[in-house]
1. Going through SER58, SER97, SER129, SER146 one at a time, which residue ends up being touching a residue at least 60 places away in the same chain (Cβ under 8 Å) and of a type in the set (Ser, Thr, Tyr)?
2. Looking at LEU150, LEU128, LEU80, can you tell me which residue is farther than 27 Å from ARG40 by Cα and in a helix (DSSP H, G or I)?
3. Select from the range 102-113 the residues that are at pLDDT 90 or above and under 14 Å from THR76 (Cβ atoms) and list them in ascending order.
4. Take the range 162-185 and flag every residue that is over 12 Å from LEU128 (Cα atoms), of a type in the set (A, V, I, L, M, F, W, C) and in contact (Cβ under 8 Å) with a residue 12 or more places away in the chain.
5. Could you check the range 144-161 and list, in sequence order, the residues that are under 19 Å from the mean Cα position of the chain (by Cα), of a type in the set (A, V, I, L, M, F, W, C) and open to solvent by 10 Å² or more (accessible area, probe 1.4 Å)?
6. Could you list all residues from the range 165-189 that are assigned to a helix (DSSP H, G or I) and open to solvent by 40 Å² or more (accessible area, probe 1.4 Å)?
Amino acid sequence: MDCDNLLHTAYYQKDLSKITELEKMLNDRNNSELNLDNIRAQIIIIKAAISNTLAQISNDEKQYIKKTIFETDNWTENSLRLFAISMSIFDPNEINSVVKNIIKNTHNINSLPEEKQKIISAILVNYLSYFIKKKQRIINTNIDASVKILNSLTIDPKNCFAKIMANYYESILNNKLEKAKTISNFLRENGMDIIADKL
């Protein structure tokens, strides 16, 4: 199992043992080809998310994560992936600025390589979640643009989850709470309690 898969599994299944496995793997092999800063930054975020200690991430760790995300002027899949899971360490103005830039450079999400489509979709879904959970209900063109981009994803099994989540958050934003509850129940009925619990 590679680093990305271990990180993904740990994050979505709240499985700290995968982080331990990854840390051991990093210690046991030549890591010259790996982006260690990015992996270490993801480990900090995922450990804190699993243990519900995101609020306790130190300022030094926050700066390390942000520095890793913005280490180059061009977004890479690694920096986008790290940003997608680390929004909780940013304040609303920072997030708005970053997402505005991502939206501006996403002219047609369906023309992007498949992995980048997945990461951009995750960023936009997490962005909507962030503003709803933080009660940041403001008039925001980023929110409208995020929903529009997610709704524009092609009808394809690989886009199913992102489109469902866009529908859920759009329902919340438009105060269609019964519809949102139906979507949440649908997730639970299909064994996705961990995701439904985060809504």
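The values are calculated or read from the model by the stated rules, or taken from the named source; none is laboratory data. Keep in mind the model is a prediction, meaning the values are calculated, not measured. When we count neighbours, we look across all protein chains shown, and the Cβ atoms used for this are built from the backbone with ideal geometry, even at glycine. Ligands, DNA and RNA are stripped out before the accessible areas are found, and what is left, the full protein with its side chains, is counted by its heavy atoms. Shrake-Rupley method; radii C 1.70, N 1.55, O 1.52, S 1.80 Å.
1. Values: SER58 fails: touching a residue at least 60 places away in the same chain (Cβ under 8 Å); SER97 fails: touching a residue at least 60 places away in the same chain (Cβ under 8 Å); SER146 fails: touching a residue at least 60 places away in the same chain (Cβ under 8 Å).
After applying the criteria, what remains is SER129.
2. Working: LEU128 fails: farther than 27 Å from ARG40 by Cα; LEU80 fails: farther than 27 Å from ARG40 by Cα.
Checking each option against the conditions leaves just LEU150.
3. ILE102, LEU112, PRO113
4. Of all residues in the range 162-185, those over 12 Å from LEU128 (Cα atoms) come to 163-164, 174-185.
Next cut, of a type in the set (A, V, I, L, M, F, W, C) only: 164, 177, 180, 183.
Correct list: ILE164, ALA180, ILE183.
5. ALA145, VAL147, ILE149, CYS160, PHE161
6. Once the filter is applied, which keeps residues that are assigned to a helix (DSSP H, G or I) and open to solvent by 40 Å² or more (accessible area, probe 1.4 Å), the range 165-189 yields ASN167, GLU170, ILE172, LEU177, GLU178, LYS179, LYS181, THR182, ASN185, PHE186, ARG188, GLU189.
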